[in-house]
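Every read-out reported here was derived from the displayed coordinates using simple, explicitly stated rules and does not represent laboratory data. Computed from a predicted model, the values in this text were never measured in an experiment. Cβ placement follows ideal geometry from the backbone for every residue including glycine, while neighbour counts extend to all protein chains displayed.
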Amino acid sequence: MTAGGTGVAPGSTAGAGGAGSPQSGWLRVHPASPFVRGWLALAAIGFFFGRDTFERLLQGGPLVDEQFAGRAPWLLLGGGTVLLLTVLGYVLSWYFTRYQVAEGYVRVNTGVVFKQQRQARLDRVQAIDIVQPLLARIFGLAELRFEVADAGESAVRLAYLRAEEARQLRATILSRAAGVLPDPQRPEAPAVEAPEHAVLTVPPSRLAGSLLLSEQSFFVVLGGALSVVLSAVTENRSFYFYLIPAALGLVAAYWSSFNKGYHFTAAVSPDGIRLRYGLLDTQAQTLPPGRIQALRVSQPPLWRIFGWYRMQVNVAGYGTSGGSGEGSARTTLLPVGTHADVLTMLSLVLPDPGTPEPVRIFTAGLSGLADPSGAPGQDADGGFVTTPRRARLLAPLGWRRNGFTATDTALLLRSGRWWRHLVVVPHQRTQSIALQQGPLARRFGVADLVLHTTAGPVSPRLVQAGLDEGRALFDAQSARARAARKRQSSEHWLDQVRQNTSVSEPAEAAQAGDPVPRQPPQTAGSPGEPGQRGPQFEHRQDPYRQEGPHHD
Amino acid sequence: MHSGAIDPPGLTWLRVSPKYVTVRLAGWAFGNLLLLAVLSLPLVFVQAGWWHWPPLWLAVAVPAGMLVLALWRLVLIPRQVRAIGYAERDDDLLIRRGIFFQRTLVVPYGRMQYVDIGAGPVERALGLCTLKLHTASAGTDAEIAGLPAEEGARLREQLSARGEARLAGL
């Protein structure tokens, strides 16, 4: 019944794979980790059995009263047994959890009764995160999460390692995944952590401001005003009591956003983009080059006052998990940033914008508006092709805004007059494309174009494009995606760079008949050879900075 | 041989088997007649005098409206089946469907992760099957229903071979 896979190895998890693996190099996580992970359970046990005594202490009574003395041994015995069993379980689970990074795989064996052996290919890594919850941070421990493209939970979670060890392991995994071969003389030598440059930091004041001006705050103010009016009209004070739990929930939500986004720092290294954030629980994400499937820059109406933007990405390993706080934090590339910050992040994600003047085009994508006459491809509008004037009744506000433009490397879709969005999809990341048209759209001669990418918060859709333009884009985009995929052949991003620099000449000759103009090989901003990572990196030319001062 | 305004010009669509109309009819009958029967129950009860609410006109209007809708859908089925089409190009597969709400989808061969072939009881009796392509995106709804079984097998082999040749990562 089901057959005919196209040969893409699942790559993520192979059930019982580690049977024949060498026994050397197996390591255990830090012995304290089960306690750090399970401190809540221990605390609960302690609370359950210790509450009685504690309460008596508070009331100033004797520590052991008559009635209690008879029960005490049993209580102690019961509590001790439960505690002992829990600790024993922790120790066993710690003892049987072992991991290994070798031969292009990371392997983890877990389980005491039900054993699980899991291995994941290093070159399939989509992202690596180092997570430090508060308690782990106090003890100097960290959790390492290894993501592959399965859109769900992390493929490998190592909790907890010493923070230094975790960073070391991340460097090893990333260098192996990039295709750096270990030194044959000293194969055990640890990989050197790639140097990194801090690119931008979000100041806490801006984060707080962005939360106050978010959509959520708008509804809070609206709800608050409504209840005040209602209570004034009905002369019923009890409304305010109903507001208390709502206010508590809101404070928690704001706190969670603030905690997650605090001190957001983006840095770039040859291993990829590094994102760090968090007030109490800190997290450090590494996105290797070319792992971002789609990107959205958005601006709620109130953020326009200060010219702030938010950036979100689709990464294959992170999946949707959009609703939960942690998931949405992981798919956020920039919680709040200025126009210049957005351009900086774009230059990291899309090192080769495929156009000589990226600043003008991206600015038009962020805030541009077509000429009211509706003539397509206005020069002042960065070449965005917008909804034709004939369909202005269908989108009275958005018709001058909804549009697309394609550079040599990516497709840009913009939409929204009030809630402004700009979606960027690199050509080689498109999975499939659909053109859709309903009866009303047919009446106005427009159609929607949907690009399918891996699961995530961004769902690229071009709304109400002119029929001819949409159809041309549909054809051109499949051709572009095809050409871009041909250039990208290896999962090892370092190989990719080597290949591009060495074979680009004959490939160019072979593709002379290609309808799509060729782009220069993607070397700018990509990792160089390991020895010269730093220098090449320093000297990369950045097309996003060629122009004059940005206007925010 | 319907070909809508949004289709790329110069394509010859391959059509699915006309027998697929029967499959859709079976599905239609199962779904709509059951719903109709349930919606008619109040009418029966009111007529029998067991219920005093709803009024008779409402008890008649609801199933009647439902019947009209169902018949409308029934009339559309043959046209909808005729509107399903697929075309194999050198590098990608195109799938179209719909007349009122049209959709044309293109899936590059190199993007296919795996191919499913399935057949329900009615399809199996008629020697048909449904082929489904999966890419790394959950949004790719690439399904061709009503393929003759041997055509489905051929297409599957063809797609697998082409996918192998044009394999791409994520």
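Build a GNM of chain B with springs between Cα atoms under 10 Å apart, and of B:E157, B:E123, B:E143 the one that fluctuates most is B:E157.
Sorted from longest to shortest, the spans of the Cα atoms of the stretch A:192-303 along the three principal axes equal 69, 28, 23 Å.
All other residues whose Cβ lies under 12 angstrom from that of A:T282 are scored, Lys and Arg at +1 and Asp and Glu at -1, for a net of 0.
Annotation: amide H-H contacts under 5 Å for A:L200 (H modelled 1.01 Å from N, sequence separation of 5 or more, or interchain): A:A266.
Here the stretch B:44-110 and the stretch A:196-266 have alpha carbon centers that stand 45 Å from each other.
For the stretch B:93-101, backbone phi angles converted through the Karplus equation (6.51, -1.76, 1.60; θ = phi - 60°) give residue-by-residue couplings of 10, 10, 10, 10, 7, x, 10, 6, 9 Hz, Gly and Pro being listed as x. Can you work out the FRET efficiency for the pair A:W255 and A:K115, with r the C-beta to C-beta distance and R0 = 35 Å, to the nearest 0.05? Here the calculated transfer efficiency is 0.30. If I model the stretch B:1-88 as equal point scatterers sitting on the Cα atoms and use the Debye formula, what is log10 I(q)/I(0) at q = 0.12, 0.14, 0.17, 0.20 Å⁻¹? After summing over all Cα pairs, the log10 values are -0.55, -0.64, -0.77, -0.91. Counted over the stretch B:39-157 with a bin width of 10 Å, the fraction of Cα pairs per bin, in whole percents, is 12, 29, 23, 14, 14, 7, 1. Relative to one another, the C-alpha centroids of the stretch A:298-316 and the stretch A:122-182 are positioned 28 Å apart. 3J(HN,Hα) couplings calculated from phi for the stretch A:109-126 with the Karplus curve 6.51 cos²θ - 1.76 cosθ + 1.60 (θ = phi - 60°) are, in sequence order, 10, 9, x, 9, 8, 9, 7, 9, 10, 10, 9, 10, 6, 5, 6, 8, 4, 9 Hz; Gly and Pro show x. Karplus-based coupling profile of the stretch B:133-145, in residue order and whole Hz: 9, 10, 10, 6, 9, 6, x, 6, 9, 9, 10, 10, 9, with θ = phi - 60° in 6.51 cos²θ - 1.76 cosθ + 1.60 and x standing for Gly or Pro. In the stretch A:307-447, how does Rg compare with the Kirkwood Rh, expressed as the Rg/Rh ratio over alpha carbon atoms? Taking Rh as the inverse mean 1/r over Cα pairs, Rg/Rh reads 0.98.
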